[in-house]
1. So, for region 55-122, what is the accessible surface per residue at a probe of 1.4 Å, expressed in square angstrom?
2. Report, by chain and number, residues whose modeled amide H sits under 5 Å from the one on GLU22, excluding near sequence neighbours (fewer than 5 apart, same chain).
3. Can you order the peptides 102-115, 44-57, 79-92 by their average number of other Cβ atoms within 10 Å per residue, highest first?
Amino acid sequence: PVLAIVSAIAGTQSSSRAGNQELPPLVEGYREIMIEVCTEYDMVDYVDILLAIMAYETGGAGLDPMNSSESSFNTRYPQVPGSIQDPRYSIDVAVRKFKYLAGEAGLESPSNLDLLKTVVQAYSFCVEYIP
């Protein structure tokens with residue numbers, strides 16, 4: 001499901017509506033924070049992709065909207081489900097993880113849909129998903 005959203009959103013970074021996919025209102029509520037965090041990590045081209053991942057992971061609900069608690073990039077909270085209690089930190093962890101995976105895959109642009117799909121799958125599974 002997240003790949004369908006990513007495919008629809010890829011290359012349309014300025015709109016919350018791409019193709020027939022619309023992001024949930026709770027996810028849209030995190031757009032400004034996502035832009036800020038992505039800007040910090042030079043990942044602004046991936047804002048909509050990361051929001052699509054959020055839509056898939058949690059629909060924007062809860063204090064860990066990116067479902068980042070178990071990530072090795074989470075160094076503030078125990079790496080157990082539901083431990084992150086700060087939505088901005090959840091997003092920060094997710095952006096750092098996505099940036100790392102993009103680097104491992106050699107993804108330089110969201111327009112490279114094949115590599116983008118690989119990175120999104122690796123985000124959900126693990127870095128070993130990247131060939």
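1. Heavy-atom SASA per residue in region 55-122 reads 47 Å².
2. none
3. 44-57, 79-92, 102-115
The values are calculated or read from the model by the stated rules, or taken from the named source; none is laboratory data. Note that this is a predicted model, so its numbers are computed, not measured. Note: ideal-geometry Cβ built from the backbone for every residue, glycine included; neighbour counts use all protein chains shown. All accessible areas refer to the heavy atoms of the entire protein, side chains included, with ligands and DNA or RNA removed. Shrake-Rupley method; radii C 1.70, N 1.55, O 1.52, S 1.80 Å.
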